[in-house]
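Any read-out appearing in this document is the output of simple, stated calculations on the displayed coordinates, not a laboratory observation. The shown structure was predicted, so the numbers you read here are calculated from the model rather than taken from an experiment. All Cβ positions, glycine included, derive from the backbone under ideal geometry; neighbour counts span all protein chains shown.
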Amino acid sequence: MFARSALALVAAGGLSWNACAQGDPRFLTYSEPGGVALKVHVFEAPGSTRRPAVVLFHGGGWTEGEPAWVFAAARRFAERGFPAFAVQYRLSGAEVTPVEALQDACASLQWVRATAAKWNVDPRRVIAYGVSAGGHLAGTAATIGCGNKEGSLGNGGPDALVLWSPALDVARSTWFAKLLAGRASPESLSPVENVRGPLPPTSIVHGEEDTVTRIRGSRAFCEAAKAHGGRCEVIAYPGVGHLLTRNLKHQESDFDVDPATRADGIRRQMEFVEGLWPR
């Protein structure tokens, strides 16, 4: 359901291979589960005052992907003064499930807060940016929390969410259930099913014709967030599917992203981020 080619996702994100090769960010180890060194790619921003940070989680159906897929977005945030952190997380396979990926997402948020002074980051203004499956990880960290009391909501999750075609309703996903391999129920890790209190401010970009991560999940998430007094917006685009592709027949490959629609989504989400905590 969620599997797709690397080239397709890179193209959908507006990132060229040359862009990856030029101006590579710093990368550091943020966690070593089972002796596996997981990297975070740091895009520093100029300035000496404490400001919000953006932690980015790539898509790929929990089974593929790499931080480079969100480098273009990370660079945009850093250029606007927000230190950005593109995260490597464990991909589902023989011994790994989305449970471990969520653990990694939480570990990366904790690492950014623990090292906040080094990057001139305010540890109570950490934004999670997630694409597709990465949006699921960000949304789940916000709803069920990360098992500590950090952050503005006191649950270790992010202080704001910026999501792009996120997988927020996975309770009935046979693909997600297969990946979990009995480690947890899909309902227990479905963001929509776990909104039980205040959520951080949220902005979601979604195509109305998305058949991979359907927009109804984003709308249900926002409705639940608002019911608990939260701020949540779904920026919906008609006539486009997953990651804003115009190719509605093959939404997991052969992406044909409308440049104007993509640019509008980027602009509106940047305005959302810049308006969260006016400088």
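Some notes on this structure:
- For the chain, size of Cβ-based charge dipole, Lys and Arg +1, Asp and Glu -1, in debye: 620 debye
- Selected from ASN247, THR211, SER190, residue furthest toward positive end of dipole (the chain; charges at beta carbon): SER190
- Proximal aspartates and glutamates relative to LYS249, as straight alpha-carbon distance under 16 Å, when same-chain residues fewer than 8 apart are discounted: GLU208, GLU209, ASP210, ASP258
- Per residue, the convex hull spanned by the alpha carbons of region 17-153 comes to 105 Å³.
- Among ALA141, ALA220, ALA114, the largest mean-square fluctuation in a Gaussian network model of the chain (Cα springs under 10 Å) belongs to ALA114.
- Pairwise FRET efficiency - ASP122 versus GLU223, Cβ, R0 = 25 Å, nearest 0.05: 0.25
- Projection of the Cα convex hull of region 216-279, averaged over all directions and equal to a quarter of that hull's surface, yields 5.4 nm².
- For a straight C-alpha distance cut-off of 19 angstrom, the aspartates and glutamates reachable from LYS226 (same-chain residues fewer than eight places away being disregarded) are ASP159, ASP169, GLU193.
- Every Cα-Cα pair in region 6-276 was counted, and those over 35 Å apart are 7% of them.
- Cα gyration tensor shape for region 37-76, rounded if a/c is under 1.5, else prolate or oblate: prolate
- In percent, rounded to a whole number, the relative contact order of region 24-129 is 33, using alpha-carbon pairs under 8 Å and six or more apart.
- Comparing ASN148, ASN120, ASN247 in a Gaussian network model of the chain (Cα springs below 10 Å), the most mobile by mean-square fluctuation is ASN148.
- Full extension of the segment from TRP277 to ARG216, taken as 0.36 nm per residue of separation minus the current Cα-Cα distance, would add 19.1 nm.
- The value of relative contact order for region 134-261, using C-alpha pairs under 8 Å at least six residues apart, is 22 percent.
- Two numbers describe the Cα atoms of region 178-265: Rg and Dmax, which are 14.9, 42 Å.
- Bridges between two residues of the chain, per DSSP, are antiparallel at a rate of about 30%.
- Region 141-193: radius of gyration over Cα atoms, expressed as a fraction of 2.2 N^0.38 Å: 1.25
- For the pair PHE27 and ARG172, label points projected 7 Å from Cα toward Cβ lie 4.0 nm apart.
- The relative contact order of region 6-276, computed from alpha carbon pairs under 8 Å that lie at least 6 residues apart in sequence, is 15 percent.
- Close amide H contacts of VAL54 (hydrogens built in the peptide plane, cut-off under 5 Å, sequence separation of 5 or more or a different chain): ALA84, PHE85, ILE127.
- Overall, the ratio between the Cα radius of gyration of region 94-225 and 2.2 N^0.38 Å, rounded to two decimals, is 1.01.
- Inverting the pair-averaged 1/r between distinct Cα atoms of region 173-217 gives 12.6 Å as its Kirkwood hydrodynamic radius.
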